[in-house]
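K.L.:
The structure under discussion is supplied below as structure tokens; questions concerning it will follow.
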Amino acid sequence: MPLPIPQLDDRTFADLVEEARARIPRYTPEWTNYNESDPGIVLLQLQAWLTETVLYRLNRLPELNYLKFLELLNVAPHPAVAARAQLTFTLKKLNQATDPLVVLVPKNSQIGVDDPDLTQELVFETDRTLTALNATVAAVAVPGAGDSPWDLVTAFDDKTRTTSFLRAFYPFGTAPAVGVTCLIGILLRPHQKEGVNYDLDRFPEGELDLTAFVPEVFETDADGETIAGPQGLDCLFPWQVTAQAETIAWEVYAGNEHAAFPAGGDWRSLGLPPDETAALSRSGHVYLNVPGGVPGIRFAQLSRAFWADLNLTKYPTAAQELVDDIESGFLFPADVPDSIWADLGLEDIVLDDPANPVVDQIEAAAAAGTLNMSGVDETAWVDADLGYDASPVPYPLTWFRARLLTVPESPPQVSQFLLNTVPATAAVTRSEETVGTSDGRPNQTYALSKTPVLVDPATGLPTLVLEVGELGAAVAWTLVPDFYATDADDAVYTLDPDGGTITFGDGRHGRIPVAGSPIVAHTYRYGGGAVGNAGAGTITALKSALPNVSAVANVRAAAGGADAESLDDVLLRAPHDLRMRERAVTGEDFAQLALQTPGVRIQRAYALPLTRADLAQTPPALMPDSPGAVTVVILPENKDDTPQPTEDQLRLVCAHLNGRRLITTELYVVGPRYLEIARLRAEVTAGRDVDLKALHDALTATLHTYFHPLTGGEDGAGWPFGGDVYFGNVYRQVLGVAGVRRVLCLEITPQGADEPCPDVLTVPDGNLVYLPATALELKVSYDPTS
């Protein structure tokens, strides 16, 4: 039982007035008029009001002492946290041979949110310089299913010069094996123009930032099914992500033996690139260090075998391919238009000779060097309706591949690969702000013009860099949490990030800036808050001048933004922090710490100790009796009937718990599983004076509210994890609706059962209950005895 904070005096204004009025006969018997209009009563009420104000401040003393005690223990409100998003930039049509292949998008480039409902401008800034390529991912080929060796999962539109992903896909197939590859073709200068020579183009040397998105909840997976959830995430430490990334070898094709493509040929290793995706098992960036001089290869240069593996029929690009088509009976010379024969340099070819010397003529022309295969454009073969397919991409591509070195536990899925994507934060950087001038006094305080000051998630320190002018030079001072263990010569200061207040020392603990010294905030970032969690496709307004950029957008919603913690929330959190000491040991510790994840609105969290989540299954299976493992189930606050966390929410919770768990703990974070009720049938009767339609609607609302994961249960705080459904409690809910006289029938049938269950519906541990609207069958009638 928690210790209650005592109220030193609980008398109210009315109590004080009544107490004073009761003493009038004893001390002033001559006072007989007690009406509200009496001047004495008015003065008495005024005094009672003043006394109540004093009592209010007196009763704040225990709370003040409590806050001072928390201050001694260094329990402070959590600062505001800025949302983050992945922004994809689209370059202008740089299609001249002299146009750059690389465009640098500066760090802190600003992009606004296009939302008319915002009360104030919301701006995102890029977190690092983006080396944007004048290129696009034009083709992705993955191991095919069934008889097809390869599957092309992209479609290139030659009119718009854009690529669409047909669906989510398995980059290494449904049954990954060592050596299996995923091919990624990148097109330089996608808006190429006819008549411009691009032969000198080579893939730029340096870092290639390839962004992978994996399908998340409520999106379509690689099997074409909507992901209903739950999804889970293995909370890996950074070194575990690096170790898992070593299971993939990244390579680029730089050879000229195209007949051996893609299995053989000259594939150059790109080393071990930094990989945030843990071998494409989660969304993130892969940073490939590409060597210089890598050429592009047209589809027409690749072998017919590779075309056939893609279920395509390649048009002839060599004499032998043309001969093979004629000899196999695929191509009849008489069906070929005369214009094609002319472009081949075979104007005098004989088509009606019974001996059919066409093949001999082709071979002779090839030997003599008069056969011009390059004179026939691929569209001529395709337009002639000879059964040939056009190139999936009619331009040279630079080919990369990811090759499996180790078989993963489960085949990864990817929804798309993107270029020119960079992380951005909902914040604004302010530079060279003059804060004030020192007056030489101790304990000087100054205020920044913009707040709150953001905390750098990498260091845990505010982003402020403060400089003080000394002897004509700007000297950077050091931010410290307090002045403990500092002396008079230490150039230090403290900062309240929420209020933006800067405080200097008193000359004994911390140096006092010399009088007249200018105090300048060299740089700091401000912003943050839950308002930054902008929806997908809304961060589109270019604020910075970026000459070669035409558009920008966020493929997925921003996540992670949280407001500064209120004082009331600190008082609620403090007992848990003091008990856990920021360390998760017990299951309750994991659940409580998960609820405190900044930027994730979690209604409830539930920890399953000694339980491992088997992520190889969909949805993840819970494996009890797993020593050293903990699975945390989180229920987010959203408007869905069956709320499920997104991938970003799972990653934020993992990151929050990783810094607080034991290094030997195997941790998983998953969404909730739902025990669906296939049928809930109830028959009730009511009196003749009851509106049956209104009663039916009231019963429907009551039952859906009772079984709802966020508002259900006996206390209305949400259906408890693993809470069984007792028929007696359901009867009480139905009978509690005004107008219900009797319940004649109540049947509950869970999903997958043939018969209604008995008086208790058992819910597995960590599961919730879901009652679809279509599962509720209500029959409302008048009571015949009424």
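K.L.:
Could you order peptides 157-164, 441-448 by the average number of other Cβ atoms within 10 Å of their residues, highest first? Please list the in-between numbers first.
P.N.:
On the way: 157-164: 12.4, 441-448: 15.1.
Packing proxy ranking, top to bottom: 441-448, 157-164.
K.L.:
Another question about this same structure. If you place +1 on the Cβ of every Lys and Arg, -1 on the Cβ of every Asp and Glu, and leave all else neutral, what size is the dipole of segment 669-729 about its Cα centre, to the nearest 20 Debye? Mind showing how you got there, number by number?
P.N.:
Values: 5 positive and 8 negative charges, 43 e Å.
Computed charge dipole of segment 669-729: roughly 200 debye.
K.L.:
Add +1 for every Lys or Arg and -1 for every Asp or Glu among the other residues with Cβ under 15 Å from the Cβ of residue 624, and state the total.
P.N.:
Numbers: positive: 612, 673; negative: 614, 625, 666, 765.
Local charge sum for residue 624: -2.
K.L.:
So for segment 155-276, averaging the separation of alpha carbon pairs under 8 Å that are six or more residues apart and normalising by length, what relative contact order in percent results?
P.N.:
Values: 91 pairs, mean separation 21.4, N = 122.
The value is 18 percent.
K.L.:
Using the Cα centre of segment 176-267 as origin and beta-carbon charges of +1 (Lys, Arg) and -1 (Asp, Glu), tell me which of 212, 188, 261 is placed farthest towards the positive end of the dipole.
P.N.:
The one lying farthest along the dipole's positive direction is 188.
K.L.:
Could you do me a favour and compute the accessible area per residue for segment 314-414, 1.4 Å probe, result in Å²?
P.N.:
Details: 4840 Å² over 101 residues.
About 48 Å² of surface per residue is accessible.
K.L.:
While we're here: Roughly how many Å² is the accessible area per residue of segment 529-589, as a whole number, for a 1.4 Å probe? Please list the in-between numbers first.
P.N.:
On the way: 2940 Å² over 61 residues.
About 48 Å² of surface per residue is accessible.
K.L.:
Now, a different point. Once segment 246-401 is represented by equal point scatterers at the alpha-carbon sites, with solvent omitted, what log10 I(q)/I(0) does the Debye formula produce at q = 0.09, 0.14, 0.19 Å⁻¹?
P.N.:
-0.42, -0.79, -1.18
K.L.:
Can you give the three extents of the C-alpha atoms in segment 264-319 along their principal axes, from longest to shortest, in whole Å?
P.N.:
46, 27, 16
K.L.:
Follow-up question, since we're still on this one. Can you compute the helix-only [θ] at 222 nm over the chain? Use -39500 (n - 2.57) per DSSP H run of at least 4 residues, normalise by all residues, nearest 500 deg cm²/dmol. Before the final figure, lay out the partial values.
P.N.:
On the way: 14 runs with 154 residues, N = 786.
It lands at -6000 deg cm²/dmol.
K.L.:
In the chain, if the dipole is taken from +1 on Lys/Arg beta carbons and -1 on Asp/Glu beta carbons about the Cα centre, which of 243, 134, 392 is farthest to the positive end?
P.N.:
Positive-end residue among those listed: 243.
K.L.:
On to the next question. Given H placed 1.01 Å from N in the peptide plane, which residues other than close sequence neighbours of residue 782 have an amide H under 5 Å from its amide H?
P.N.:
686
K.L.:
Treat every Asp and Glu Cβ in segment 326-467 as -1 and every Lys and Arg Cβ as +1, leave all other atoms uncharged, and give the resulting dipole magnitude about the Cα centre to the nearest 20 debye. The partial results should precede the final answer.
P.N.:
Details: 5 positive and 21 negative charges, 387 e Å.
Taking the Cα centre of segment 326-467 as origin, the dipole is about 1860 debye.
K.L.:
How big is the Cα convex hull of segment 371-500 in projection, averaged over all directions, in nm²?
P.N.:
20.7 nm²
K.L.:
Another question, then. Below 8 Å, C-alpha to C-alpha, sequence gap of six or more: please give me the relative contact order for the chain in percent. Show your work: numbers first, answer last.
P.N.:
Details: 1659 pairs, mean separation 115.7, N = 786.
Once normalised by length, the contact order is 15 percent.
K.L.:
Run through every distinct alpha carbon pair of segment 640-685 and return the Kirkwood hydrodynamic radius in angstroms, one decimal place. Working shown, then result.
P.N.:
Values: mean 1/r = 0.0717 Å⁻¹.
Computed over Cα pairs of segment 640-685, the Kirkwood hydrodynamic radius comes out at 13.9 Å.
K.L.:
Quick check: pseudo-label points 7 Å beyond the Cα along Cα→Cβ at residue 494 and residue 147, how many nm apart are they?
P.N.:
Output for this residue pair reads 7.7 nm.
K.L.:
How large, in Å, is the chain by the Kirkwood hydrodynamic radius built from its alpha-carbon pairs? Numbers along the way, then the final one.
P.N.:
Working: mean 1/r = 0.0305 Å⁻¹.
Kirkwood hydrodynamic radius for the chain: 32.7 Å.
K.L.:
Separate question: Give a quick list of trypsin sites (Lys or Arg not before Pro) in segment 593-623 that DSSP marks as loop, anything other than H, G, I, E or B, with at most 16 other Cβ atoms within 10 Å. Please list the in-between numbers first.
P.N.:
Numbers: sites: 601, 604, 612; in loops: 601.
Filter output for segment 593-623: 601.
K.L.:
When all protein chains stay in place, what accessible area (Å², nearest 10, 1.4 Å probe) is found for residue 669?
P.N.:
So the heavy atoms of residue 669 present about 0 Å² to solvent.
K.L.:
Which whole-angstrom value gives the distance between the alpha carbon centres of segment 144-203 and segment 707-760?
P.N.:
Value for the Cα centre distance between the two parts: 53 Å.
K.L.:
While we're looking at this one, here's another question. List the GluC sites (Glu not before Pro) in segment 307-404 that DSSP assigns to loop (not H, G, I, E or B) and whose Cβ has at most 14 other Cβ atoms within 10 Å. Which are they? List each step's numbers first, then the result.
P.N.:
Values: sites: 321, 327, 347, 363, 378; in loops: 347.
The qualifying sites are 347.
K.L.:
Need one number for segment 642-755: average projected area of the convex hull over its C-alpha atoms, nm². Write out the running numbers ahead of the final one.
P.N.:
Working: hull surface 39.9 nm².
So the Cα hull casts an average projection of 10.0 nm².
K.L.:
Considering only DSSP states other than H, G, I, E and B, which trypsin sites (Lys or Arg not before Pro) in segment 467-558 qualify as loop sites with at most 15 other Cβ atoms within 10 Å? Write down the numbers at each step before the final one.
P.N.:
Details: sites: 508, 511, 525, 543, 556; in loops: 508, 511, 543, 556.
Those satisfying the criteria are 508, 543.
K.L.:
Could you tell me how far the Cα centroid of segment 62-125 sits from the Cα centroid of segment 529-565, in Å?
P.N.:
One Cα centre to the other: 8 Å.
K.L.:
Further, regarding this structure: Jot down the radius of gyration and Dmax of segment 143-274, Cα atoms only, both in angstrom.
P.N.:
In order Rg, Dmax, the Cα atoms of segment 143-274 give 17.8, 53 Å.
K.L.:
Remind me, relative contact order of segment 688-743 in percent, using alpha carbon pairs under 8 angstrom and six or more residues apart?
P.N.:
Working: 46 pairs, mean separation 17.0, N = 56.
Across segment 688-743, relative contact order equals 30 percent.
K.L.:
Computing the accessible area with a 1.4 Å probe over protein heavy atoms, can you report the carbon and sulfur percentage for the chain? Could you put the intermediate results ahead of the total?
P.N.:
Details: 20140 of 38490 Å².
Ligands and nucleic acids excluded, carbon and sulfur reach 52 percent.
K.L.:
Taking the mean number of other Cβ atoms within 10 Å as a proxy for protection, how do you rank 30-39, 143-152 from highest to lowest?
P.N.:
Values: 30-39: 9.2, 143-152: 15.2.
Peptide ranking by packing, descending: 143-152, 30-39.
K.L.:
Another one. Kindly list the residues of segment 160-184 that lie in the label zone of residue 198, defined by a backbone N under 17 Å from the point 7 Å along the Cα-to-C-beta vector.
P.N.:
Under 17 Å, as judged by backbone N against the label point of residue 198, lie 160-164 of segment 160-184.
K.L.:
Cysteines of the chain lacking any other cysteine beta carbon under 4.7 Å?
P.N.:
Singleton cysteines: 182, 745, 757.
K.L.:
So, with +1 on the Cβ of K and R and -1 on the Cβ of D and E, and no other charges, what is the size of the charge dipole of segment 454-537 about its Cα centre, to the nearest 20 debye? Write out the running numbers ahead of the final one.
P.N.:
Working: 3 positive and 10 negative charges, 47 e Å.
Using Cβ point charges on Lys, Arg, Asp and Glu, segment 454-537 gives about 220 debye.
The values are calculated or read from the model by the stated rules, or taken from the named source; none is laboratory data. None of the values given here were measured: they were computed from a predicted structure. Quick reminder, even Gly has a Cβ in these numbers, built from the backbone with ideal geometry, and neighbours come from all protein chains shown. Heavy atoms of the whole protein, side chains included, go into the accessibility calculation; ligands, DNA and RNA do not. Shrake-Rupley method; radii C 1.70, N 1.55, O 1.52, S 1.80 Å.
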